[in-house]
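> Here's a structure for you.
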Amino acid sequence: MADRRKFVKLSFLTSAALFAGKKVFAATPNLDPGPFPDIKDQPIVISTWDFGKAANAEAWKTLEKGGRALDAVEAGVKIPEADPTNQSVGLGGRPDRDGRVTLDACIMDENSKCGSVACMEHIVHAISVARLVMEKTPHVMLVGDGALQFALEQGFKKENLLTPKSENEWKDWLKTNKYKPVKNIENMLPGGEHNHDTIGMVAMDSKGQMSGACTTSGMAYKMHGRVGDSPIIGAGLYVDNEIGAATSTGVGEEVIRIVGSHLVVELMRQGHSPEDACKAAVMRIVARNPDAAKDLQVGFLALNKKGEYGAYALQKGFSYSVKSGTTEEVFHSKYYYQ
Ligand code: ASP
């Protein structure tokens, strides 16, 4: 016991020395942190892209009533999931190269509980299935047929997610594109349009509790069975109720390689602002492989416990939406490749 106490004291002193001069958040259990003394904005919800605005508005209905961030983010991301005109999330999502719409989603709450589904077909609200994986199973992640089977057992309706628009575009894509994996997975759509987008949403409620959700149909025309960052806890989403939360969008393979959202949260733990933490994660991708990174898009978005938020992307064009009691805006993220 004495040894253990000595070890704990030593680790504390080491960390204190390591971060001397920097603002440091201690990693101590804190189940009900309440509002931070210097809180900027609370409750607050932020999400990726401009279509996050409508999702935030839905999440806000829960937050403004004093509801839980977890309920808010689930309700929020269900908006783009159910929107057939949004071709990167849920119903109407672009299919894989076999013409199958496969969804990836995950959710994480203020107690670090989490649930996820990957490569799941036929269910519009992948995020709600992910939540039930978290709440009703001993597992974190279900994939493919297992995820579908679980969803059906839970009463979800089996639907065709491939809309005529997405089907026609896929058929056009088949005419001109080689049916094989390509190394550079950016700009595969005619006209150079991005072939992906995800809604990642993080929120802090009026009690200071944070949660996040992330849901996508993933990269268009991916190989069947491909799973991106979005359903992977730590990659597409991470929430640490002591520190903050982060989410990502863009080429999932790059985000997985650096465990991006977890990295952003850990950088915030070390005292970085949300924007600086997102930038440092982007720079990690650049440093790993500058030749590839210049042709890819990845964006990170983060919120800390003070209600401060920020984003950073590899390329121009990443936007994010913010809603709080004082703000309702879509911002353009700063980016690395000018
Ligand atoms: N990150 C998603 C994926 O790789 C797609 C996206 O956000 O653009 O599947």
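Every number here is computed from the coordinates shown, using simple stated rules; none is lab data. Please read all numbers here as calculations on a predicted model, not as lab measurements. Positions of Cβ are generated from backbone atoms using ideal geometry, with glycine treated the same way; all protein chains shown enter the neighbour counts.
> Could you list the residues of segment 70-88 with an amide nitrogen less than 15 Å from a label point located 7 Å from the Cα of Asn111 in the Cα-to-C-beta direction?
Of the residues in segment 70-88, 70-71 have backbone N under 15 Å from the label point off Asn111.
> Please find the FRET efficiency linking Ala82 to Val330, where r is the Cβ-Cβ separation and R0 is fixed at 22 Å, and quote it to the nearest 0.05.
0.60
> Also, quick follow-up: Ranked highest first by average number of other Cβ atoms within 10 Å, how do 97-109, 257-269, 203-215, 57-69 line up?
Put in order of decreasing packing, that is 203-215, 97-109, 257-269, 57-69.
> Quick check: pseudo-label points 7 Å beyond the Cα along Cα→Cβ at Asp295 and Lys316, how many nm apart are they?
A separation of 2.0 nm, rounded to one decimal place.
> May I ask you to list the residues of segment 273-296 whose amide nitrogen lies under 14 Å from a point 7 Å from Cα along the Cα→beta-carbon direction of Arg257?
From segment 273-296, the list is 282-296.
> A further question on this structure: Considering only DSSP beta bridges where both residues belong to segment 232-338, give the percentage that are antiparallel (nearest 5).
90 percent
> Using 1/(1 + (r/R0)^6) with R0 = 35 angstrom and r between the beta carbons of Arg100 and Asp276, what's the FRET efficiency to the nearest 0.05?
0.30
> Assuming R0 = 25 Å, what is the FRET efficiency of Met223 and Gln149, from their Cβ-Cβ distance, to the nearest 0.05?
0.65
> Follow-up. How far apart, in nm, are two points set 7 Å out from the Cα along the Cα-to-Cβ line at Ala54 and at Asn177?
Here the answer is 2.4 nm between the modelled labels.
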